[in-house]
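Written below as structure tokens is the structure these notes are about.
The values are calculated or read from the model by the stated rules, or taken from the named source; none is laboratory data. Here the structure is a predicted model, which is why all the values come from computation and not from measurement. Virtual Cβ from ideal backbone geometry, glycine too; neighbours counted across all protein chains shown. Keep in mind that these areas ignore ligands, DNA and RNA; they rest on the heavy atoms of the full protein, side chains included. Shrake-Rupley method; radii C 1.70, N 1.55, O 1.52, S 1.80 Å.
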Amino acid sequence: MVLVDADGRRYTIDRPRTAIGRSRDNHIVLLDPSVSREHAAIARDGREFFLVDLGSLNGTYVNGVRLAASHRLRPGDRLRLGNTILNVHDAAALPHRPRRRVLDARTQAVALEAGLGLVGLLGAGWLYAGETATAFILLVCNLLFLLGGYGSAILTRGLLLMCVLPVQLGLIAVSAILLHRFLRRPGW
């Protein structure tokens, strides 16, 4: 059995129990704030699969009906967990396609921090991660540093520029590393 989301990501159900939720500890991680940390589970019994809600706040729906008990899954079922829709398919009926690598939200935040930091927008990754105050402080401090550094470089005919760029690259690296550590905390 395979679950397919709206973006075409496939989740193969191949273990005796598959946990679904927002927490990284689940087998299927859904980055949807309306999905509970431990939202639902699929239990395999031979060739049959049963979906059960784990007491989630927003509930689990199959074909528009909220689950009150365990439900035997069939190809064609449409699951809704929070705002996430998953369609149930028979694995043998789906055409094979090469797997494409999808960046998760954590990787996207660190990439934004490093990439946009190079053009003076240090703090963009923190903003993407929801840390608005940290992002604002980094952005303002970085802009002040750049204005001071480049202004001094003009006065010294470019000599100080050789000091400004390595420091800027160091700040970007430190910010990206700290953001990576921040995003590894439980619950993110």
Under a Gaussian network model of the chain whose springs join Cα atoms within less than 10 Å, the largest fluctuation of Gly170, Gly82, Gly123 belongs to Gly170
Relative contact order computed over the chain (Cα-Cα under 8 Å; 6+ residues apart), in percent
15
Let me make sure I get this right: for region 28-95, a, b and c are the square roots of the gyration tensor eigenvalues over alpha carbons, sorted descending. Under 1.5 in a/c it's rounded, otherwise prolate if a/b > b/c, else oblate. Which is it?
prolate
Per 0.36 nm of contour for each residue apart, how much would the distance between Leu143 and His89 grow if the chain were fully extended, relative to their Cα-Cα spacing?
14.3 nm
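If each residue of separation counts as 0.36 nm, what is the full-extension length gain between Phe50 and Thr132 once their alpha-carbon separation is subtracted? Walk me through the intermediate numbers first.
On the way: separation 82, 0.36 × 82 = 29.52 nm, distance 4.13 nm.
Between Phe50 and Thr132, full extension yields an extra 25.4 nm.
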Treat every Asp and Glu Cβ in the chain as -1 and every Lys and Arg Cβ as +1, leave all other atoms uncharged, and give the resulting dipole magnitude about the Cα centre to the nearest 20 debye.
360
Excluding Ala19 itself, what net charge comes from residues whose Cβ is under 13 Å from its Cβ, given Lys and Arg +1 and Asp and Glu -1?
+3
Determine the per residue accessible area of region 1-84 with all protein chains present and a 1.4 angstrom probe, expressed in square angstrom.
56
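Classify region 1-58 from the C-alpha gyration tensor, please: rounded if a/c falls under 1.5, else prolate or oblate depending on whether a/b exceeds b/c. All intermediate terms of the calculation are to be shown ahead of the outcome.
Numbers: a/c = 1.99, a/b = 1.29, b/c = 1.54.
Oblate, since a/c reaches 1.5 and b/c is not below a/b.
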Based on Cβ point charges of +1 for Lys and Arg and -1 for Asp and Glu, what charge dipole magnitude is obtained for region 1-109 about its Cα centre, in debye rounded to the nearest 20?
280
